[in-house]
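Notes for the one structure printed next.
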Amino acid sequence: MNKLWTRDFSILSLGSIISIFGNALAGFTINLMVLDYSESIFLFVLYMVVYNFPKLIVPMVAGPLLDSFSRRKTIYILDFTSAAIFLSLFFILSGGFFNYMFFLAMSFILGSIESAYIIAYESLYPVLVSEGNFRKAYSVSSMIMPLSAIVLPFAAYLYERIGASNILIFSAAAFFVAACIETQIRADETHLRKSVEKYNFTEFKASFMEGLNYIRGEKGLVVITAYFFVAMFAWSNHALLLPYFRDTPNLGIMLYTVVMLSGVFGRFIGGAIQYKLDLPTHKKFFIAVFVYIVSGIIDMGYLFTPVYMMAFLSFVVGLLTVTSYNIRISTTQSYIPDDKRARFNGTFHMIMNVGMISGQLIAGALAERVPIRAVVVLFNGICLIAVFAVMWRGRRHVIPIYNRSV
């Protein structure tokens with residue numbers, strides 16, 4: 001059995017943990033600040049939409065480029081850039097400056113950086129995984145991502161005590177440290193072209209079309225992408241949770257962090273189980289569909305329960321969804337050839353983000369007129385319909401991808 005925790009895999013995992021903490025700390029702080037200053041659910045959601053808008057464009061551009069250029073260098077350059085931006089925001093906010101339009105512009109820049117980082121990270125990650133260890137590797141990944149929510153209570157406490165500007169200095173430091181660590185990755189990036197200097201728009205277009213034609217020719221990937229487009233549309237209702245908790249009597253920001261942390265704990269435990277447990281290969285698709293259905297039903301109704309039950313149900317959803325995540329990400333990333341992986345990831349994320357952004361806009365507009373809980377029920381109902389209308393209907397194409405030993 002090949003070793004999973006190689007030097008490069010360990011370095012990328014550590015660097016991603018630190019940068020994720022920094023991003024979560026800054027993101028939650030800025031979200032709270034925008035919500036407090038705007039005092040409008042729609043303007044708050046609009047800020048999030050602008051943050052996510054680059055994810056419609058950047059993945060499509062980054063995918064072909066990252067199939068030709070260094071993903072390793074892209075990762076640490078973007079982290080150094082994030083460190084510089086958050087350090088600049090620290091000085092700007094320390095001077096007492098706040099302007100909604102300015103932060104809309106900053107959200108666009110930060111969203112562009114995150115979008116490119118995700119494509120580079122997801123495309124480099126499989127290269128650092130030794131053969132036969134994809135399941136374990138993505139179990140580790142599924143435990144790393146939720147850890148970011150651990151900083152939420154810390155951020156909420158600091159926001160009240162020391163203010164938004166002082167928090168950002170911690171985020172800048174985290175990104176800087178992560179970037180320094182990531183410069184030590186020595187992966188052999190076999191996808192790199194020999195004549196990078198000749199890469200131009202014509203080659204970019206040809207590379208883009210080659211990747212798009214590959215996806216079109218893989219019906220299983222088309223079905224998976226179509227389902228997650230709808231799923232991300234439905235998931236966008238989570239943008240309403242922070243204003244819902246803040247404005248509901250007997251709830252508030254701290255209880256919001258408790259409920260979110262319960263979900264994080266569930267995902268962490270689920271990831272740990274996935275690391276040790278090898279799911280039956282021939283049942284992976286059916287396990288994933290079961291998770292899609294159960295988590296959709298729970299998400300539809302948990303806001304109608306007492307807060308302790310919200311926390312428990314959030315834990316259950318986290319425990320379940322990390323299982324379906326591991327099935328989807330490990331099988332698709334090992335299925336796709338390395339020289340096409342970044343282009344697939346770029347297209348996949350672009351389509352998912354179209355769903356998320358359109359969902360956020362609609363959810364934000366509806367929440368100004370109807371109760372937030374009604375919006376949550378509606379959106380999760382749409383997602384449940386998609387499980388049967390898209391994923392289950394296309395199961396003969398998806399099963400050969402999901403039901404693979406990785």
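Give me the net charge for the shell around LEU4: Cβ to Cβ below 11 angstrom, other residues only, Lys and Arg +1, Asp and Glu -1.
Working: positive: LYS3, ARG135, LYS136; negative: GLU131.
Once positives and negatives cancel, what remains is +2.
Normalised radius of gyration for region 333-399, please: alpha carbon Rg relative to 2.2 N^0.38 Å, two decimal places. Don't skip to the answer; put the middle values down first.
Values: Rg = 16.1 Å, N = 67, 2.2 N^0.38 = 10.9 Å.
That ratio works out to 1.48.
Work from the charge dipole of region 1-147 (Cβ charges, +1 for Lys and Arg, -1 for Asp and Glu, about the Cα centre) and give the residue of LEU66, PHE108, SER82 farthest towards its positive end.
The residue sitting most towards the positive pole is LEU66.
Using every Cα-Cα pair within region 60-186, state what percent have a distance larger than 23 Å.
Within region 60-186, distances greater than 23 Å cover 43 percent of Cα pairs.
Rounded, prolate or oblate: which fits region 251-353 when a ≥ b ≥ c are the square roots of the eigenvalues of the alpha-carbon gyration tensor, with rounded for a/c under 1.5 and prolate only if a/b beats b/c?
On the way: a/c = 2.26, a/b = 1.72, b/c = 1.32.
It comes out prolate by the Cα gyration axes.
Sum up the charges of everything whose Cβ sits under 13 Å from the Cβ of THR257, counting Lys and Arg as +1 and Asp and Glu as -1, but leave THR257 out. Before the final figure, lay out the partial values.
Working: positive: ARG246; negative: GLU160.
Net charge around THR257: 0.
In nm, to one decimal, how far is the PHE108 label point from the LYS3 one, both placed 7 Å along Cα→Cβ?
Calculated label separation equals 4.8 nm.
What base-10 log of the normalised intensity I(q)/I(0) is obtained for region 204-287 from the Debye formula, alpha carbons as equal point scatterers, at q = 0.20 Å⁻¹?
Debye curve over Cα of region 204-287, log10 I(q)/I(0) at q = 0.20 Å⁻¹: -1.03.
A 18 angstrom limit on the alpha carbon distance is what I want to check against. Which of LYS3/LYS283; LYS276/LYS340; LYS3/LYS276; LYS219/LYS340 exceed it?
Values: LYS3/LYS283 26 Å; LYS276/LYS340 30 Å; LYS3/LYS276 15 Å; LYS219/LYS340 16 Å.
Flagged as over cut-off: LYS3/LYS283; LYS276/LYS340.
When MET260, MET106, MET101, MET309 are ordered from fewest to most other Cβ atoms inside 10 Å of their Cβ, what list results?
Sorted ascending by nearby Cβ count, the order is MET101, MET309, MET106, MET260.
Remind me, relative contact order of region 255-380 in percent, using alpha carbon pairs under 8 angstrom and six or more residues apart?
It rounds to 37 percent for region 255-380.
Stretched out fully, how many nm does the piece from LEU378 to MET309 gain, at 0.36 nm a residue minus the Cα gap?
22.8 nm
Rank ALA389, SER236, TYR37 by how far each Cα sits towards the positive end of the charge dipole of the chain (+1 on Lys, Arg Cβ; -1 on Asp, Glu Cβ) and give me just the farthest.
Result: ALA389.
Please give me the summed charge of the neighbours of ILE362: other residues whose Cβ is under 14 Å from its Cβ, Lys and Arg +1, Asp and Glu -1.
Cβ neighbours under 14 Å give a net charge of 0.
Express in whole angstrom the spacing between the alpha-carbon centres of region 309-377 and region 282-300.
13
Sort LYS55, LYS73 so the one with the fewest other Cβ atoms within 10 Å of its own Cβ comes first.
Fewest-to-most Cβ neighbours within 10 Å comes out as LYS73, LYS55.
If you average the alpha carbon positions of region 24-60 and of region 101-162, how far apart do those two centres end up, in angstrom?
One Cα centre to the other: 16 Å.
Which shape class, rounded, prolate or oblate, goes with region 25-81 when its Cα gyration tensor gives a ≥ b ≥ c as root eigenvalues, a/c under 1.5 marks rounded, and past that a/b bigger than b/c marks prolate?
Oblate shape, in that a/c is at least 1.5 and b/c is the bigger or equal ratio.
Roughly how big is the chain's charge dipole about its Cα centre, with Cβ charges of +1 (Lys, Arg) and -1 (Asp, Glu), in debye to the nearest 20?
Magnitude of the dipole: close to 1140 debye.
Can you put MET254, MET391 in order, fewest other beta carbons within 10 Å first?
The order, fewest Cβ neighbours first, is MET254, MET391.
Every number here is computed from the coordinates shown, using simple stated rules; none is lab data. Values in this document were obtained by computation on a predicted structure and should not be read as measured data. Using ideal geometry, Cβ is built from the backbone for each residue, glycine included, and neighbour counts are taken over all protein chains shown.
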